[in-house]
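Undergrad: To start, I am sharing the structure in question, which I have written as structure tokens.
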């Protein structure tokens with residue numbers, strides 16, 4: 001049953017994400033976050049901005065109470081629900097010279113769940129991140145689903161463990 005619910009939500013978020021991405025351009029409301037993006041190397045900046053837009057679009061599609069906040073944590077752009085106890089923080093940053101990272105809270109089961117769901121379709125860094133090559137297109141629907149799972153982590157905690 002949990003797997004069926006997860007697949008239905010993946011499809012729902014993917015449809016919502018596609019519709020939002022075509023219509024929405026996200027301006028920076030936080031000047032410190034904008035400055036952080038300006039410090040990223042040119043080779044990584046476009047993909048990190050694309051990840052940002054995907055996270056914000058997915059957050060919009062979820063209609064979370066009070067929305068999501070864009071801020072800095074550890075000097076990196078971070079996204080979390082404004083209302084406490086709904087979801088888990090997502091961070092984005094340069095991973096290394098050739099990759100960007102989508103980071104999640106280590107004590108959660110999020111990355112383990114992504115590994116169970118997507119296996120070799122993604123590259124992982126331990127239990128903390130999904131890593132994307134700057135030379136490859138981002139898997140938008142997968143990122144939308146992973147983002148949805150993180151932003152609703154506490155709401156969906158019971159159904160997120162894939163057996």
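The values are calculated or read from the model by the stated rules, or taken from the named source; none is laboratory data. If you're wondering where the values come from, they're calculated on a predicted model, not measured in any experiment. Here the Cβ positions follow ideal geometry from the backbone for every residue, glycine too, while neighbour counts run over all protein chains shown.
Undergrad: In the stretch 89-99, what residues are under 13 Å from the mean Cα position of the chain (by Cα) and crowded, with 20+ Cβ neighbours inside 10 Å? Full working, then the answer.
TA: Step one: filter the stretch 89-99 for residues under 13 Å from the mean Cα position of the chain (by Cα), giving 89-93.
Those that are under 13 Å from the mean Cα position of the chain (by Cα) and crowded, with 20+ Cβ neighbours inside 10 Å: 90, 91, 92.
Undergrad: Test residue 45 against the criterion of being at pLDDT 95 or above, surrounded by 13 or more Cβ atoms within 10 Å (Cβ to Cβ), in a helix (DSSP H, G or I) and more than 17 Å from the chain's Cα centre (by Cα), and give yes or no.
TA: Here the answer is no, as residue 45 does not meet what is asked.
Undergrad: Further question: Tell me the residue from 102, 86, 80, 72 that is outside any helix (DSSP H, G or I), in contact with a helix residue (DSSP H, G or I) (Cβ under 8 Å, 6 or more places away or on another chain) and surrounded by fewer than 15 Cβ atoms within 10 Å (Cβ to Cβ), please. Give the steps one after another, and end with the answer.
TA: Working: 102 fails: surrounded by fewer than 15 Cβ atoms within 10 Å (Cβ to Cβ); 86 fails: surrounded by fewer than 15 Cβ atoms within 10 Å (Cβ to Cβ); 80 fails: surrounded by fewer than 15 Cβ atoms within 10 Å (Cβ to Cβ).
On inspection, the qualifying residue turns out to be 72.
Undergrad: Okay, next question. Which one is surrounded by the fewest Cβ atoms within 10 Å (Cβ to Cβ), of the residues in the stretch 54-69 that are touching a helix residue (DSSP H, G or I) at 6+ places or on another chain (Cβ under 8 Å) and farther than 21 Å from residue 34 by Cα?
TA: Looking at residues that are touching a helix residue (DSSP H, G or I) at 6+ places or on another chain (Cβ under 8 Å) and farther than 21 Å from residue 34 by Cα, I get 64.
Undergrad: In addition: Given the structure, is residue 65 without any contact (Cβ under 8 Å) to a residue 12 or more places away in the chain, more than 14 Å from the chain's Cα centre (by Cα), more than 18 Å from residue 122 (Cβ to Cβ) and not in a helix (DSSP H, G or I)?
TA: It is false that residue 65 is without any contact (Cβ under 8 Å) to a residue 12 or more places away in the chain, more than 14 Å from the chain's Cα centre (by Cα), more than 18 Å from residue 122 (Cβ to Cβ) and not in a helix (DSSP H, G or I).
Undergrad: Just wondering, is there one or more residues in the stretch 33-45 that are out of contact with any helix residue (DSSP H, G or I) (no Cβ under 9 Å at 6 or more places or on another chain), within 21 Å of residue 155 (Cβ to Cβ) and in contact (Cβ under 8 Å) with a residue 12 or more places away in the chain?
TA: no
Undergrad: Which one of these is surrounded by fewer than 19 Cβ atoms within 10 Å (Cβ to Cβ), in a helix (DSSP H, G or I) and at pLDDT 95 or above: 118, 124?
TA: 118
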